Structures are given as structure tokens and as C-alpha cells.
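Undergrad: There's a structure below that I have some questions on.
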């Protein structure tokens, strides 16, 4: 799992993503871009500093991973022709 510290990797393990889905976390300033990626598919969710302050870093990360898991279980959208992924909205944003 790319872009993960031990605590984040543990949270990802607890969510039980489908086996063919890879999860990564990418810092964007004070925010984090969480990505669920399959073969030619994927989705991203921006976890903002504001959400982490409001809900706490652990709970907000868990909620964001749950949103990504739900999308992964339904089937991740195809990667766009320009290589980008569909951007999801974090609950409460």
C-alpha cells in the first residue's frame, strides 16, 4: 500500500476493501487525497484539514475510507482518458 503510515495502513485493513482494490494516500498541503484504484478504474476523495478538525483525524479518515469502500463494492468508475479519477464528495463538505 503506497503512501501510508502504520496507523493509516491499519485503518485500511479494518475496512476490508475488495481484494483487487489498492488504497493510497497523497498529501496535498494540510489535506489528504485518498485514492481507491483498480485495473483501469478508481475514485478519489479529498479529506480536508477542516473535516479532520471537525471530526478528528481518525474518525474522519475512517468515514472517508468507508465512502471509498462503498464505491469500490458497487464498482469503481473507469479512469478518465486524461488519467484522472472521479472525485467523490466527503460527507459534510
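Computed from the coordinates by the stated procedures, all read-outs in this text should not be read as laboratory data. The structure displayed is predicted, hence computed values, not measured ones. Neighbour counts are summed over all protein chains in view; Cβ atoms, including those assigned to glycine, are modelled from backbone coordinates with ideal geometry.
Undergrad: Answer yes or no as to whether residue 75 is surrounded by fewer than 15 Cβ atoms within 10 Å (Cβ to Cβ) and in contact with a strand residue (DSSP E or B) (Cβ under 9 Å, 6 or more places away or on another chain).
TA: For residue 75, the condition - surrounded by fewer than 15 Cβ atoms within 10 Å (Cβ to Cβ) and in contact with a strand residue (DSSP E or B) (Cβ under 9 Å, 6 or more places away or on another chain) - is met.
Undergrad: Additional query: Give 61, 66 a once-over and let me know the one that is touching a helix residue (DSSP H, G or I) at 6+ places or on another chain (Cβ under 9 Å), assigned to a helix (DSSP H, G or I) and under 19 Å from residue 29 (Cβ atoms).
TA: 61
Undergrad: Output the number of residues of segment 17-27 satisfying the condition of being over 10 Å from residue 65 (Cβ atoms), within 13 Å of the chain's Cα centre (by Cα) and touching a residue at least 40 places away in the same chain (Cβ under 8 Å).
TA: 1
Undergrad: Quick check on segment 1-57: of everything there that is in contact with a helix residue (DSSP H, G or I) (Cβ under 6 Å, 6 or more places away or on another chain) and part of a loop (DSSP other than H, G, I, E, B), which residue is surrounded by the fewest Cβ atoms within 10 Å (Cβ to Cβ)?
TA: Ranking the candidates gives 30 first.
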